[in-house]
Each structure stands twice: as C-alpha cells, then as structure tokens.
Amino acid sequence: KRYVAALRRTLKAPRDLVWALVADTNRWNRAAGLAPGKYEWKVVDGRRQYVATAKELGQTFVWYEPPYQWSEGYFIEGERRFIEGPAQAGGLVLSLSDVEGGATLVDANTWFTGEGAAIAVLGPLIRRRNMVALGRYLDAITAALERTQVEDERAREGSNTEPAVVRARRSL
C-alpha cells in the first residue's frame, strides 16, 4: 500500500531563493523528526551500496538511497529503498513553479510503501506525522525567507549581487 502526504503552499519569494532552501534535503529529515542513519558500505543485490540503519517508532530500518533526481530550481526527488523494516520504499518530492508577483508555488509530497500488519498500523500514523512535518518544514523555510527579504531590503541601498544560496544560508 502507498501512503502519501501532500502540501501545496505559495511562498513570497523568487524561485531561486526558495530552491536554495528546499534543495537541502537534510532540512526535511530534521523537520520530519527522522532519526539520523548510521551509514556503512554493504553489498546489496550484488552492488556495493552506502547503507543506513536507524531506529524509528520502535522499528529498525535499513535502507539505501539511489541518486537523487532534480532539475535545479524546479524539482527534486529523493528516495529510500528499505532492505529491512516494515516499509519497502519512501521518498520526498518537491516541485517549484513561478506565480504572479514574484512568488513561488511549492508542491511538497512525501510517500512510502509497505505491506503487512506493521505498515497497516504505522502507515496512517506516519502519513499524519508527515503532513505535520511538511507544514513545519515549509513554515521554517517561510521564516528563513522572511529573514532573507529583510536582509535584501537593507542591502538594496548598495549593490546586492550575491547568489540566492548565499543569501538564503545567511538567513539561517
């Protein structure tokens, strides 16, 4: 079964500045309350993979992450493929698009799949937790963007030619 949590929000900032914040997927991991994985090299399906292990909700999860897919400024998708634990796979997909007034529309989705009794019980709980986490994640990005805009207004008196990623990082 596939469990999806989705949230759409318009952020009052240009897409390059929003991208500078959402492209840091570790920010999502922290907002979602995901336990950090302990990584080591292992052979999985005949291939050497960088595999992580972590405990979540009383369960041990072991996974690897295929390379992320992205188009800078527009789209990013990360996935975890689970080797051990009740889940089979899960991921985060973020899409950005321009809207009127220089704002950016963010479509944020998390998903995971699994089978069995544990997923039947945990699935709805994790989906609900992910919905709350998506809101927390986008709230934190909104707050950082507001700080960046205050800094940008101060800098307008001079010449602000810094890349968006530098401006965004300073606001953090």
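The values are calculated or read from the model by the stated rules, or taken from the named source; none is laboratory data. Keep in mind it's a predicted model, so treat the numbers as computed, not measured. Here the Cβ is made from the backbone with ideal geometry for all residues, glycine too, and neighbour counts use every protein chain on show. Remember, those area values only see protein heavy atoms, side chains included, never the ligands or the DNA or RNA. Shrake-Rupley method; radii C 1.70, N 1.55, O 1.52, S 1.80 Å.
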Worksheet entry | Index of the failed condition, Gly101 passing every other in (1) at positive phi; (2) in a strand (DSSP E or B); (3) of a type outside the set (A, V, I, L, M, F, W, C) | (2)
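Condition check ((1) touching a Gly at 6+ places or on another chain (Cβ under 7 Å); (2) farther than 24 Å from Ala120 by Cα; (3) hydroxyl-bearing (Ser, Thr, Tyr)) across all residues:
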| site | (1), (2), (3) |
| --- | --- |
| Thr53 | yes, no, yes |
| Gly58 | no, no, no |
| Pro66 | no, yes, no |
| Phe82 | no, no, no |
Discussion item. Pull out all pairs, ordered by first then second residue, where Cβ-Cβ is under 9 Å, the residues are six or more apart or on different chains, the first lies in segment 113-137 and is within 22 Å of Ala20 (Cα to Cα), and the second is open to solvent by 90 Å² or more (accessible area, probe 1.4 Å).
Written reply: Tyr137/Arg30
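Table: residues versus (1) modelled with pLDDT of 95 or more; (2) acidic (Asp, Glu); (3) surrounded by 18 or more Cβ atoms within 10 Å (Cβ to Cβ).
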residue: Leu17; (1), (2), (3): no, no, yes
residue: Asn29; (1), (2), (3): no, no, no
residue: Ala32; (1), (2), (3): no, no, yes
residue: Phe61; (1), (2), (3): no, no, yes
residue: Pro67; (1), (2), (3): no, no, no
residue: Ile76; (1), (2), (3): yes, no, yes
residue: Leu94; (1), (2), (3): yes, no, yes
residue: Gly101; (1), (2), (3): no, no, no
Discussion item. I'm checking my understanding of the structure. Among residues of segment 112-127 that are open to solvent by 30 Å² or more (accessible area, probe 1.4 Å) and touching a strand residue (DSSP E or B) at 6+ places or on another chain (Cβ under 8 Å), which one is nearest to Ile76 (Cα to Cα)?
Written reply: Arg127
Worksheet entry | Any hit, segment 13-20, residues being of a type in the set (A, V, I, L, M) and closer than 15 Å to Asp107 by Cβ | yes
Worksheet item: Taking into account only those residues within segment 44-59 that are among the charged types (D, E, K, R) and more than 30 Å from Ala20 (Cβ to Cβ), which is surrounded by the most Cβ atoms within 10 Å (Cβ to Cβ)?
Response: Lys55
Fill in: Among (1) open to solvent by less than 80 Å² (accessible area, probe 1.4 Å); (2) touching a Lys or Arg at 6+ places or on another chain (Cβ under 9 Å); (3) over 30 Å from Ala144 (Cβ atoms), the one test that Trp41 misses
(1)
Worksheet, complete the sentence: So, first residue under 14 Å from Arg167 (Cα atoms) in segment 21-32, second residue open to solvent by less than 30 Å² (accessible area, probe 1.4 Å) and assigned to a helix (DSSP H, G or I), Cβ within less than 6 Å, six or more apart or across chains; the pairs are Leu21/Ile141; Leu21/Ala144; Leu21/Ala168
Worksheet item: Has segment 100-109 got any residue that is under 18 Å from Trp28 (Cα atoms) and among the small types (Gly, Ala, Ser)?
Response: yes
